[in-house]
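Enquirer: Starting off with a structure, shown below.
The values are calculated or read from the model by the stated rules, or taken from the named source; none is laboratory data. This is a predicted model, so every value here is computed, not measured. Backbone-built Cβ (ideal geometry, glycine too); neighbour counts: all protein chains shown. In case anyone asks, the SASA skips ligands and DNA or RNA and just uses the protein heavy atoms, side chains included. Shrake-Rupley method; radii C 1.70, N 1.55, O 1.52, S 1.80 Å.
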Amino acid sequence: MPSTAKPTTLATTAPGAAPDPSLFSRTPNLADPDVERLRASLRHYFLDTFDRYESLFECLASEEAYMVKPIALRHPLIFYFGHTATFFVNKLLLTRMIDQRLDHRLESMFAVGVDEMSWDDLDDTHYDWPTVAEVRAYRGRVRALVLDLIDHAPLQSPINWTHPWWAIIMGIEHERIHLETSSVLIRQQALSDVRPSAAWAPRRDTATPAPANALAPVPRGAVSVGKAYDSPQYGWDNEYGRHEAVVEGFQASRYLVSNAEFLEFVEAGGYLNHHNWGDEGREWLSFSHAQHPTFWVKKTQGWALRLMTEEIPMPWAWPAEVNYHEAKAFCNWKASETGQPVRLPTEDEWYRLYDEAGLEDLGEAPAHANIHLDHGHSSCPVDTWRHGDWYDVVGNVWQWTETPTYPFDGFDVHPIYDDFTTPTFDGRHNLIKGGSWISCGNEAVRASRYAFRRHFFQHAGFRYVVSHVPAVAPSGYYETDKLMSEYAEFHYGDEYFGVANFPRTLAAMAIEAMGEQRPRRRALDLGCASGRAAFELARAFDSVTGVDFSARFISQGVQLIQTGQLRYTLVDEGELVSYKARSLAELDLAETVDRVEFYQGDACNLKTQFTGYDLVLAANLIDRLYDPAKFLDQIHTRIVAGGLLMVTSPYTWLEEHTPRAAWIGGFKKDAENYTTLDGLEDHLGRHFRRIAGPLEVPFVIRETRRKFQHTLSEVTIWERLPD
């Protein structure tokens, strides 16, 4: 049943209302046509962020505390103090808004953070860190630089992601991300290294009893997400593109899992009984020796909770803050206790929950949620902020999902930050949704998409769902093998130097050669590689079979059939790559998938099932076979009388592919030149007659941004004679 509760939006003022000066500034409208008002808005947004970030470090008790690693997997906090300022300089250089560095030594040291691949991926690199005073002075220089640009640099509205000012907005939003992640690191410092700060005082509603959790239905419905590239709101690259899905109905817990509810799992031996943990979770558990959530502190008088700068008696009604593995183990335990299919929600299910709760992005008044620092500097009881039939659909703590991050259709990397998201398309970074009490700016909008490694700690907890539909993870995989990527681009990518796509050209030639009098029932694409010609032939044939010796090659065609999309990286120069995605839909081939199938096979030893074809295409195949004569002498058995064989090849005979004795041309015979075309005539002449060619068709294979292979393939077309 749909929710009957009155929808509650996060926005509590009408759009366009004057901002409340006491609130932390919201992400601005980048399409404001009033340029001077836009400058003023960005100036305020920058200063508000820069100052708030610096105030966070007042929670450190001494200069020595800046130099201590909170955890072995991260830099000491002095790095993060300087890193966000360096980010501005690096991105402004890339957009040519500035042309020189402020401090090469510091900007080299503060450029790259740590993104550990595993919980035991320790960083033992030694750095000669600067003093806090040096970094504070450097931040002052960056502040002056950015303010001067905001006040005086040429500006036209709107600011979109191709605009040079995008670097300024990116720097501000990047610092807001680190406002949150640095607060987590401060929370992981020893208590002796931190001190209370009035600017970061936690909430004191700690004695509220925890509510009993229950389930509320979320009906079946559609989800539509993805930001347009001309959106007036800042976004990170993974938010752009298109994603639509129909989500089956499920039940979602009304509340986030509270500390009290999670205590049941702890007391039931949840950290000792490893059967509720996945393989990766058990490995983390074995390494960490965890017996309870990281921020829980066991004292003789009972449990306490570590906040940023203090320990407090356990607020049982506050949400439990755990990593994905702990949340997943709780769900598995809950499923075994209740007999229901309990699990974490998917990203799509979270969006259904958001929409069903009737939420909107927050406005300029205090949010109706514990988010954006609007209601204090810590979590609060899970029954404080009601959203439809649920509570804390956004805010309080982030919520783990079952979904590893992946790109939407139409995804592209930003040219000045090409590695913001792409390193996370590895199946090991799960999306967190909804934001926490400290999530600000872009982090607090519906469109935001952030993912962390599953063992990572953030201000993150979870709610659970009950659903009989399995949580299917969309693929975020990018092909990185150089040869495979080159062929993906050769088949499905861009055209270079005015040379038409080779597989598409061959398929069009073959279809034209068939004419109107020959039936177009079945076609065989031998040596199909990545499969583009097979899909192109399916425009005209009832069914097309692609066969290649390499299972890796045909896997690209299979992936296109299954998902409609292929993603791959292309080498630009050295270690630098660009990211590409191609879909059958954008190539106008989506309707062909039901008529195409792929198999691994040996062209010289085909299985008996591959017979009765009206057309066989052997593209750039014969000079890669170990026994081309055997192939040519037998191929007639696969083609119906009157059917066609199309052979294309650059005749690049190499002994690494074909023994010299097996070449069918390209050598002297009886003291005269004996070409491959001569060999084709000799081998095919008994069962075929040549009806077209030889004709040279060019093709281009991209190796790097500045290196290409330009080749001519000779095409001949042969008609199968009656027996």
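Enquirer: Being buried (at least 21 other Cβ atoms within 10 Å of the Cβ) and small (Gly, Ala, Ser) is the requirement here; does ALA473 meet it?
Expert: Working: buried (at least 21 other Cβ atoms within 10 Å of the Cβ): no; small (Gly, Ala, Ser): yes.
So ALA473 fails the test.
Enquirer: Another question, if that's okay. Evaluate the following for ILE172: is it under 19 Å from PHE46 (Cβ atoms) and either open to solvent by 30 Å² or more (accessible area, probe 1.4 Å) or touching a Phe, Trp or Tyr at 6+ places or on another chain (Cβ under 6 Å) (or both)? Give the derivation first.
Expert: Working: under 19 Å from PHE46 (Cβ atoms): yes; either open to solvent by 30 Å² or more (accessible area, probe 1.4 Å) or touching a Phe, Trp or Tyr at 6+ places or on another chain (Cβ under 6 Å) (or both): yes.
Criteria met by ILE172.
Enquirer: Which residue pairs have Cβ atoms under 6 Å apart, sit 6 or more places apart or on different chains, and have a first residue in region 19-46 that is closer than 24 Å to GLY140 by Cα and a second that is among the charged types (D, E, K, R) and in a loop (DSSP other than H, G, I, E, B)?
Expert: From region 19-46, the pairs are LEU38/ASP32.
Enquirer: Among the residues of region 284-308, how many are in contact with a Leu (Cβ under 8 Å, 6 or more places away or on another chain) and not in a strand (DSSP E or B)?
Expert: The number of residues fulfilling the criteria is 2.
Enquirer: A further question follows. Surrounded by 18 or more Cβ atoms within 10 Å (Cβ to Cβ), at pLDDT 95 or above and touching a Cys at 6+ places or on another chain (Cβ under 7 Å) - does that describe any residue in region 361-370?
Expert: Yes, there is a match, as at least one residue in region 361-370 is surrounded by 18 or more Cβ atoms within 10 Å (Cβ to Cβ), at pLDDT 95 or above and touching a Cys at 6+ places or on another chain (Cβ under 7 Å).
Enquirer: Could I ask something else about it? Within region 707-718, does at least one residue satisfy the condition of being hydroxyl-bearing (Ser, Thr, Tyr) and part of a helix (DSSP H, G or I)? Before you say what the answer is, go through the steps one by one.
Expert: Looking only at region 707-718, we keep the residues that are hydroxyl-bearing (Ser, Thr, Tyr), and these are 711, 713, 716.
Next, only the ones that are part of a helix (DSSP H, G or I) stay: none.
No, because not a single residue in region 707-718 is hydroxyl-bearing (Ser, Thr, Tyr) and part of a helix (DSSP H, G or I).
Enquirer: I'd like the full set of residues that are buried (at least 21 other Cβ atoms within 10 Å of the Cβ) and either under 30 Å from PHE287 (Cα atoms) or touching a helix residue (DSSP H, G or I) at 6+ places or on another chain (Cβ under 7 Å) (or both), limited to region 31-49. Quick ask: steps written out before the conclusion?
Expert: Just the residues of region 31-49 that are buried (at least 21 other Cβ atoms within 10 Å of the Cβ), to begin with: 38, 42, 45-46, 49.
LEU42, TYR45, PHE46, THR49, listed by residue number.
Enquirer: Okay, moving on. Which residue, of VAL223, VAL246, is in contact with a helix residue (DSSP H, G or I) (Cβ under 8 Å, 6 or more places away or on another chain) and assigned to a strand (DSSP E or B)? Give the derivation first.
Expert: Numbers: VAL246 fails: in contact with a helix residue (DSSP H, G or I) (Cβ under 8 Å, 6 or more places away or on another chain).
Exactly one residue qualifies, and that residue is VAL223.
Enquirer: Out of everything in region 53-69 that is more than 28 Å from the chain's Cα centre (by Cα) and surrounded by 19 or more Cβ atoms within 10 Å (Cβ to Cβ), what residue ends up being nearest to GLY441 (Cα to Cα)? Give the steps one after another, and end with the answer.
Expert: Within region 53-69, the subset more than 28 Å from the chain's Cα centre (by Cα) is 54-69.
Adding the requirement that they be surrounded by 19 or more Cβ atoms within 10 Å (Cβ to Cβ) leaves 56-57, 59-60, 65-66.
On the way: LEU56: 17, PHE57: 20, CYS59: 22, LEU60: 24, ALA65: 28, TYR66: 26 Å.
Per the criteria, the residue is LEU56.
Enquirer: Continuing with this model, one more query. Could you list, in sequence order, all residues of region 275-311 that are over 30 Å from THR208 (Cα atoms), among the small types (Gly, Ala, Ser) and surrounded by 17 or more Cβ atoms within 10 Å (Cβ to Cβ)?
Expert: Correct list: GLY281 only.
Enquirer: Could you identify the single residue in LEU272, LEU256 that is of a type in the set (A, V, I, L, M, F, W, C), open to solvent by less than 10 Å² (accessible area, probe 1.4 Å) and part of a loop (DSSP other than H, G, I, E, B)?
Expert: Numbers: LEU272 fails: open to solvent by less than 10 Å² (accessible area, probe 1.4 Å).
Criteria check complete, one pass: LEU256.
Enquirer: Same structure, new question: Looking at THR569, THR652 in this structure, which one is touching a helix residue (DSSP H, G or I) at 6+ places or on another chain (Cβ under 8 Å) and under 30 Å from LEU721 (Cβ atoms)?
Expert: On the way: THR569 fails: under 30 Å from LEU721 (Cβ atoms).
Exactly one of THR569, THR652 is touching a helix residue (DSSP H, G or I) at 6+ places or on another chain (Cβ under 8 Å) and under 30 Å from LEU721 (Cβ atoms), namely THR652.
Enquirer: Tell me, please, whether a residue that is at pLDDT below 95 and more than 28 Å from the chain's Cα centre (by Cα) can be found in region 207-217.
Expert: Yes, the conditions are met somewhere in region 207-217.
Enquirer: Go through region 505-551 and give me each residue that's under 21 Å from ARG567 (Cα atoms) and surrounded by fewer than 19 Cβ atoms within 10 Å (Cβ to Cβ).
Expert: Listed by number, the residues that qualify are SER550, ALA551.
Enquirer: Moving on to the next point. In region 678-709, which residue that is among the aliphatic types (A, V, I, L, M) and within 30 Å of GLU489 (Cβ to Cβ) is most open to solvent (accessible area, probe 1.4 Å)? Outline the logic, then answer.
Expert: Start the filter on region 678-709 by keeping residues that are among the aliphatic types (A, V, I, L, M), which leaves 680, 684, 691-692, 695, 697, 700-701.
So of that shortlist, the ones also within 30 Å of GLU489 (Cβ to Cβ) come out as 680, 692, 695, 697, 700-701.
Numbers: LEU680: 0, ALA692: 36, LEU695: 90, VAL697: 12, VAL700: 18, ILE701: 14 Å².
Among those that are among the aliphatic types (A, V, I, L, M) and within 30 Å of GLU489 (Cβ to Cβ), it is LEU695.
Enquirer: Next up: Hey, among the residues in region 312-351 that are assigned to a loop (DSSP other than H, G, I, E, B) and among the aromatic types (Phe, Trp, Tyr), which one's most open to solvent (accessible area, probe 1.4 Å)? Outline the logic, then answer.
Expert: Looking only at region 312-351, we keep the residues that are assigned to a loop (DSSP other than H, G, I, E, B), and these are 314-318, 320-323, 339-341, 344-346.
The next check asks that each one be among the aromatic types (Phe, Trp, Tyr); those that pass are 316, 318.
On the way: TRP316: 77, TRP318: 2 Å².
Ranking the candidates gives TRP316 first.
The rows are residues; the columns are (1) aliphatic (A, V, I, L, M); (2) under 27 Å from PHE262 (Cα atoms); (3) touching a strand residue (DSSP E or B) at 6+ places or on another chain (Cβ under 6 Å); (4) buried (at least 16 other Cβ atoms within 10 Å of the Cβ).
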| site | (1), (2), (3), (4) |
| --- | --- |
| ASP205 | no, yes, no, no |
| PRO211 | no, yes, no, yes |
| ALA214 | yes, yes, no, no |
| PRO217 | no, yes, yes, no |
| LYS227 | no, no, yes, yes |
| TRP236 | no, no, no, yes |
| GLU239 | no, no, yes, yes |
| VAL246 | yes, no, yes, no |
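Conditions (1) in contact with a helix residue (DSSP H, G or I) (Cβ under 7 Å, 6 or more places away or on another chain); (2) more than 17 Å from GLU173 (Cα to Cα); (3) at pLDDT below 95; (4) hydrophobic (A, V, I, L, M, F, W, C), marked per residue:
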residue	(1), (2), (3), (4)
TRP400	yes, yes, no, yes
THR403	yes, yes, no, no
ASP409	no, yes, yes, no
THR424	no, yes, yes, no
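Enquirer: How many residues, within region 645-678, are within 50 Å of the chain's Cα centre (by Cα), not in a strand (DSSP E or B) and not hydroxyl-bearing (Ser, Thr, Tyr)?
Expert: 15
Enquirer: Can you name every residue in region 137-154 that is within 26 Å of ASP34 (Cα to Cα), open to solvent by 10 Å² or more (accessible area, probe 1.4 Å) and either in contact with a His (Cβ under 9 Å, 6 or more places away or on another chain) or assigned to a helix (DSSP H, G or I) (or both)?
Expert: Those that are within 26 Å of ASP34 (Cα to Cα), open to solvent by 10 Å² or more (accessible area, probe 1.4 Å) and either in contact with a His (Cβ under 9 Å, 6 or more places away or on another chain) or assigned to a helix (DSSP H, G or I) (or both): ARG143, ALA144, LEU145, LEU147, ASP148, LEU149, ASP151, HIS152.
Enquirer: With respect to GLU261, is the statement that it is open to solvent by 10 Å² or more (accessible area, probe 1.4 Å) and within 16 Å of ALA460 (Cα to Cα) true?
Expert: Values: open to solvent by 10 Å² or more (accessible area, probe 1.4 Å): yes; within 16 Å of ALA460 (Cα to Cα): yes.
For GLU261, the condition - open to solvent by 10 Å² or more (accessible area, probe 1.4 Å) and within 16 Å of ALA460 (Cα to Cα) - is met.
Enquirer: Just one of (1) assigned to a helix (DSSP H, G or I); (2) modelled with pLDDT of 95 or more; (3) of a type outside the set (A, V, I, L, M, F, W, C) trips up SER108, so point out which.
Expert: Of the numbered conditions (1) assigned to a helix (DSSP H, G or I); (2) modelled with pLDDT of 95 or more; (3) of a type outside the set (A, V, I, L, M, F, W, C), the odd one out for SER108 is (2).
Enquirer: Which ones in region 552-563 are within 20 Å of the chain's Cα centre (by Cα) and either open to solvent by less than 20 Å² (accessible area, probe 1.4 Å) or aromatic (Phe, Trp, Tyr) (or both)? Before you say what the answer is, go through the steps one by one.
Expert: Of the residues in region 552-563, the ones within 20 Å of the chain's Cα centre (by Cα) are 556, 559-560, 562-563.
Within region 552-563, GLN556, LEU560 meet the criteria.
Enquirer: Anything in region 667-677 that is farther than 12 Å from ILE622 by Cα and surrounded by 16 or more Cβ atoms within 10 Å (Cβ to Cβ)? List them, or say none.
Expert: Correct list: TYR674, THR675.
Enquirer: Could you grab me the full set of residues in region 158-175 that are of a type outside the set (Gly, Ala, Ser) and within 19 Å of ASP419 (Cβ to Cβ)? So that I can check it myself, show each step before the final result.
Expert: Narrowing region 158-175 to residues of a type outside the set (Gly, Ala, Ser): 158-166, 168-170, 172-175.
TRP161, THR162, TRP166, ILE169, MET170, GLU173, HIS174, GLU175, listed by residue number.
Enquirer: Can you tell me which residue in region 640-663 is farthest from LEU677 (Cα to Cα), limited to those that are hydrophobic (A, V, I, L, M, F, W, C) and open to solvent by less than 10 Å² (accessible area, probe 1.4 Å)? Even if it seems obvious, please write down each step before you answer.
Expert: We begin by selecting, within region 640-663, every residue hydrophobic (A, V, I, L, M, F, W, C); these are 640-641, 644-647, 653-654, 661-663.
Filter again for open to solvent by less than 10 Å² (accessible area, probe 1.4 Å), leaving 644-647.
Details: LEU644: 17, LEU645: 14, MET646: 13, VAL647: 10 Å.
Among those that are hydrophobic (A, V, I, L, M, F, W, C) and open to solvent by less than 10 Å² (accessible area, probe 1.4 Å), it is LEU644.
Enquirer: For region 392-410, what are the residues that are buried (at least 23 other Cβ atoms within 10 Å of the Cβ) and more than 17 Å from GLN458 (Cβ to Cβ)?
Expert: Result: VAL393, TYR406, PRO407.
Enquirer: Still on this structure, I have one more. Scan the helices (runs of 4 or more DSSP H) fully inside region 499-582 and keep the ones with 3 or more residues being at pLDDT 95 or above and farther than 21 Å from ALA603 by Cβ.
Expert: Details: elements: 502-514, 532-537, 551-563.
The helices (runs of 4 or more DSSP H) meeting that bar are 502-514.
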